[in-house]
Amino acid sequence: MLGRRERRQQTLFLTCQLDALVPKDHVLRRVDRVLDLSWLGAEVSALYAAGQGRPSIDPEAAVRLMLAGFFQGIVYDRKLMREADVNVAIRWFVGYQLGETLPDHSSLTRIRQRWGAECFRRIFDKTVAACMAAGLVSGETVHVDATLIRADVSWDSVVARHVEQTLEVNELNELDEPGPGAGRTDDGPRRSQSDPDARVAKGGRRARGEPAYKQHTAVDDAAGIIVDVAVEAGTAPEGAQLVAQLDRVESRTGHAVRRVTADKGYSSAANYAALEARGVEALIAPERVGRAQGAVPGRRFKYDEHHDVVRCPRGATLERGSFDGKRWRYRAKTAVCRGCRQRQACLAPSTSARSVRLLPGHSALVRARRRHGRRDETWRHQMTRHRWQVEGVHGEAKSQHGLARAARRRLWNVEIQAYLTAAVINLKRLARAVGGPPANGARSFARWLLRRLTPARIAPCPA
C-alpha cells in the first residue's frame, strides 16, 4: 500500500528532552564533553556595569554560538543565527530551548567590540592548556608556516597611495618635485580604503596580488595542536615573526622548543643565528645562492668566524669596516688588490679594492647550508610531517572553517576570527583524543590512530 505523510504540521509536541534529539556522535556533543568556559564570566565581568542596564547575553552562550558556527564553516553572524533557528544541535550546544528566542546577530558584533581580540586569545590559550592536560602537546618539535587570508574588501577600494601623496605634495608647492621616497611608505604602496589594515600581497610568484592579511601559525608535532597564532598585514615578512613566535610557544606550553621546521621564507641569517643561540635545531632549507656575475663571484670568498675576516680565493684578508644598517662591509687593502694577478677579473676598472657585504649571523647561515647539503632521513621525515601538519592545518582552516576569506574588516576582527578557528581545530583534536574516533568506519579509525602515533613513540624507519 502506498504510504503518505502529512507535512503541514502546525504544532509540535515533544515528549523527550532536547538532548535526545542530538545524535550521540555529533561533533558538538563530542566537543561539549571537553569544552570548559566556566571561567569566562569572571574574565569579562569588568567590561559590564554591575547592577545597571538590562542583563546581557550569557558570555558562555555567546562564545558557544560563535564556536558552533565555526565548526560548520559559518563565519557570518546573520547566517549563523538563521542556522541556529532551525538547528537543534546548535540550540542544545548553546543552551537555548526550542521555544526561546535567540539573540540578534548584532549582539555578537557588539560582544566582539566590547571584549576585543585579547579575550579571544585567552579562549584559544585555554584550548592549548586543555590539550596539554590530555597529553597532546610535547612542545619539543614545532612546525611554523604562514598563509594569506583574503581581506573582506573589493578591488575597487584599493588605491595607490603614492598618487595621493604626490598630489598632496604638488598642492603644497607646485614648483617642488616629490622626492624618490615620497610615493612609498613602510606599510606598502597600496591599501584598501574600506580596510586600511589590509595590504596587497601575493601568495606566490605566479599568483595574483590581493588585499590580504598574513597569519603565522605554529603547530606542535605530537598531535597537530595549534600552539600559536598571529595575524599581521599581508606584506609582513614571514621570518620576522619566528623568534617572537617561539617565545610565545614556550611561554604557553612551558616547554623549551628543541626543533623547528619551516620553509625558505624563514631562512634568514638572523633566524639561524637566533635559533643556534637558543639551542634549537633549525630544519629550514636555505635560499639558493644565485649565479653571480663575473669571474670571481662573492660566494668564493670564505668567512673566517674565529678571526672575523673574509678571505679571498688567493688568501688575502678582507677586514670588517662599516655597517649600513643591514650588512657589514668587509674590504681588502688597496695595496693588496693592486698587486693581485686576478685584479682585472675581480674588480671593476673604477674600483681600487674588493669588498663584500655580509649579514649579521652569516656564519650560522653557512652552517645551515652545510647541514642542508648533507640532510639525512630525519630531515626528510620531519619536512614531510611539516607539510601535512602545519600546511594541512591551513588547508583545514580554509576549506572547513571559513578562514579563506576574512569575515570582517580591520586587523583586530581578523585576529578574533583566527583565534576562534584555531580554538575549533584544537577542540576537534581534543574531542577525538579523549572521546575516541567517530563511529563512521574503520578508515576514520585508522586515520585517528595514525595521528595518535607521535614521533616520540615511534622512531622513523632507517633508510
Checklist entry - With r defined as the distance between the Cβ atoms of Ser399 and Ala133 and R0 fixed at 25 Å, what FRET efficiency is calculated, to the nearest 0.05? => result 0.30
Checklist entry - Ala42 to Ala348: extension gain in nm, 0.36 nm per residue of separation minus the Cα-Cα distance? => result 103.1 nm
Item to check | Karplus-derived 3J(HN,Hα), 6.51/-1.76/1.60, for each residue of the range 32-40, Hz, glycine and proline x | outcome: 4, 5, 10, 8, 10, 10, 5, 7, 5
Checklist entry - What number, in percent, do you get for the relative contact order of the range 298-371 if the mean sequence gap of Cα pairs under 8 Å and at least 6 apart is divided by its residue count? => result 23
Checklist entry - Between Arg300 and Thr334, what is the FRET efficiency for a Förster distance of 22 Å, r being their Cβ-Cβ separation, to the nearest 0.05? => result 0.60
Checklist entry - Taking the Cβ of Thr101 as the center, what net charge do the other residues with Cβ under 12 Å away carry, scoring Lys and Arg +1 and Asp and Glu -1? => result -2
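Holding the Cα-Cα limit at 25 Å, pick out from Lys302/Lys326; Lys126/Lys202; Lys79/Lys202 the pairs that are longer than that. Working shown, then result.
Values: Lys302/Lys326 19 Å; Lys126/Lys202 33 Å; Lys79/Lys202 30 Å.
Those over the limit are Lys126/Lys202; Lys79/Lys202.
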Checklist outcome for this item: In terms of the charge dipole of the range 32-128, which places +1 on Lys and Arg and -1 on Asp and Glu at the beta carbon, the residue among Asn87, Cys119, Trp39 farthest towards the positive end is Cys119
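For the residues Thr421, Thr101, what sequence is obtained by ranking on other C-beta atoms within 10 Å, fewest first?
Fewest-to-most Cβ neighbours within 10 Å comes out as Thr101, Thr421.
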Next on the checklist: Taking the number of other C-beta atoms within 10 Å as the exposure measure, put Lys24, Lys428 in order starting with the fewest.
Outcome noted: Lys24, Lys428
Next on the checklist: For a test of the definition: using alpha carbon positions, the gyration tensor, and the 1.5 limit on a/c, classify the range 20-118 as rounded, prolate or oblate.
Outcome noted: prolate
Checklist entry - Once you put a point 7 Å from the Cα of Val309 and another 7 Å from the Cα of Arg367, both along the Cβ direction, what distance in nm separates them? => result 2.3
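Could you give the dipole magnitude of the range 298-371 about its Cα centre, charging the beta-carbon of Lys and Arg +1 and that of Asp and Glu -1, in debye to the nearest 20?
Numbers: 20 positive and 5 negative charges, 67 e Å.
With Lys and Arg at +1 and Asp and Glu at -1, about 320 debye.
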Next on the checklist: Positive end of the dipole of the range 263-350, charges at C-beta (+1 Lys, Arg; -1 Asp, Glu), about the Cα centre: which of Ala345, Cys312, Ser268 has its Cα farthest in that direction?
Outcome noted: Ala345
Checklist entry - How do Ile90, Ile57 line up, fewest other C-beta atoms within 10 Å first? => result Ile57, Ile90
Checklist outcome for this item: The simple spin-label model distance between Arg380 and Ile57, using points 7 Å out along Cα→Cβ, in nm, is 5.2
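Every number in this text was worked out from the coordinates using simple rules, so none of it is lab data. Quick caveat, the model's predicted, so the values are computed rather than measured. Ideal geometry is used to build each Cβ from the backbone, glycine not excepted, and the neighbour counts take in all protein chains shown.
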